[in-house]
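A quick write-up on the structure given underneath.
A short reminder: the numbers here are calculations on the coordinates, not readings from a lab. No experiment lies behind these values; they were computed from the predicted model shown. As a convention, Cβ positions derive from the backbone with ideal geometry for all residues, glycine included, and neighbour counts pool all protein chains shown.
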């Protein structure tokens, strides 16, 4: 079970998204996002996310429970991908977690190599 979030950057800062409870790794959810945007159009996908009944925001997102974050910027037609990872701390003091940048995708371009993106993200988690 790999959890993730498909989110939209807000003009005023931060983001709002929807939670995926399984198969959210890039090779699983990535193609579905890419194809969905191509099929439905970016505006419709953004509207779907913004109108979700139980949205998640940057203020309540926990990188320990959201392993992959797909952040759409409607203004640039790009999507940044982040992975939840340990960014500091120790066993004695406890660990700090955050979303770590992995890659940016041009949603108007060719479909990316999801396997490579997943590999890059997994390397950042270690």
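Of note:
- Relative contact order computed over the chain (Cα-Cα under 8 Å; 6+ residues apart), in percent: 25
- Tilt relative to the chain, helix 26-40 - C-alpha long axis, 0 to 90 degrees, to 10: 20
- Between 0 and 90°, nearest 10: helix 114-125 axis offset from the chain longest Cα axis: 30
- Exposure proxy ranking for 27, 79, based on other Cβ atoms within 10 angstrom of each Cβ and starting from the fewest, stands as 27, 79.
- Here residue 96 and residue 11 are evaluated by their C-beta separation; at R0 = 22 Å the FRET efficiency comes out at 0.15.
- Alpha-carbon spread of region 18-126, three principal axes, descending order, Å: 49, 32, 25
- For residue 125 and residue 43, a Förster radius of 35 Å and the Cβ-Cβ distance give a FRET efficiency of 0.60, rounded to the nearest 0.05.
- Modelled label positions at residue 64 and residue 77, each set 7 Å beyond Cα in the direction of Cβ, lie 4.1 nm from each other.
- Estimated 222 nm signal from helices in the chain, with DSSP H stretches of n ≥ 4 weighted -39500 (n - 2.57), rounded to 500: -9000 deg cm²/dmol
- Per residue convex hull volume, Cα atoms of region 75-126, in Å³: 60
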